[in-house]
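Beneath this line is the structure, given in structure tokens, with notes to follow.
The values are calculated or read from the model by the stated rules, or taken from the named source; none is laboratory data. The structure displayed is predicted, hence computed values, not measured ones. Don't worry about glycine lacking a Cβ; one is built from the backbone with ideal geometry, like all the others, and counts go over all protein chains shown. With ligands, DNA and RNA removed, areas are computed over all heavy atoms of the protein, side chains included. Shrake-Rupley method; radii C 1.70, N 1.55, O 1.52, S 1.80 Å.
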Amino acid sequence: DGEDECEPPTAPPTTKDCDICNSDGKKEKPEELTLTYSSNGQNSFYQGEDYASCREGDYPTSARVSVGGETIEVSDGETITIPVNGGAVTSFEFLDDSSSDCFIHTSCSVPIVNGDQIGPWIVGDGEDECEPPTAPPTTKDCDICNSDGKKGKTGG
């Protein structure tokens, strides 16, 4: 109802050393991006649905992907470096499974952060000591329901 003093959840703060680029100060768009492939896609903590169509879900364990005019073969756990195009997004065309086609936002108006996973792509090579972001804790008084014992439901 808006009168409960609960703040909307926000993405966790980034560690500036782990930011590749962001909208407040570190704006230089990278010319290339190192990504590690995972067939277990996850939603990004920084790039919502309006910015990245690469989302949580199952992706092929190995795939041929066209990105930036190059065809790259990837498999689970493999790290690749891709060119970042001049536009706001970088698109991934899965040549053997078009249902997996997706894009990520690479103009830096939303952060690109080492350790964040955007669909099947984990940003970085895992050697940078950047931990994957974790969801901020919720305040129990603001939870309508959760997995820690508060099970109430609203509506009918």
Study note, to complete from the structure: The condition from (1) modelled with pLDDT under 85; (2) open to solvent by less than 60 Å² (accessible area, probe 1.4 Å); (3) not in a loop (DSSP other than H, G, I, E, B) that Val74 misses is numbered (1)
Check your understanding: What number of residues within the range 21-45 satisfy the criterion of being part of a loop (DSSP other than H, G, I, E, B) and open to solvent by 30 Å² or more (accessible area, probe 1.4 Å)?
Key -> 10
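Taking the range 49-65, which residues are assigned to a loop (DSSP other than H, G, I, E, B) and free of Cβ contacts under 8 Å to residues at least 24 places away in the same chain? Reasoning before the result, please.
First, the residues of the range 49-65 that are assigned to a loop (DSSP other than H, G, I, E, B): 49-56, 59-61.
Those that are assigned to a loop (DSSP other than H, G, I, E, B) and free of Cβ contacts under 8 Å to residues at least 24 places away in the same chain: Glu49, Asp50, Thr61.
Mind listing whichever residues of the range 109-131 are on the phi > 0 side of the Ramachandran plot and in contact (Cβ under 8 Å) with a residue 40 or more places away in the chain? Spell out the reasoning first.
Going through the range 109-131, the residues on the phi > 0 side of the Ramachandran plot turn out to be 115, 119, 124, 126, 129.
Listed by number, the residues that qualify are Gly115, Gly119, Gly124, Gly126.
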Check your understanding: Checking Gly68 against (1) touching a residue at least 40 places away in the same chain (Cβ under 8 Å); (2) in contact with a Pro (Cβ under 7 Å, 6 or more places away or on another chain); (3) farther than 22 Å from Gly126 by Cα, which test does it fail?
Key -> (1)
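Select from the range 86-100 the residues that are within 20 Å of Tyr46 (Cα to Cα) and in contact with a strand residue (DSSP E or B) (Cβ under 9 Å, 6 or more places away or on another chain) and write down the one among them that is surrounded by the most Cβ atoms within 10 Å (Cβ to Cβ). Steps first, answer last, please.
From the range 86-100, those within 20 Å of Tyr46 (Cα to Cα) are 87-92; that's our starting set.
Next, from what is left, pick out any that are in contact with a strand residue (DSSP E or B) (Cβ under 9 Å, 6 or more places away or on another chain): 88-92.
Details: Ala88: 14, Val89: 16, Thr90: 22, Ser91: 17, Phe92: 25.
Out of the qualifying residues, it is Phe92.
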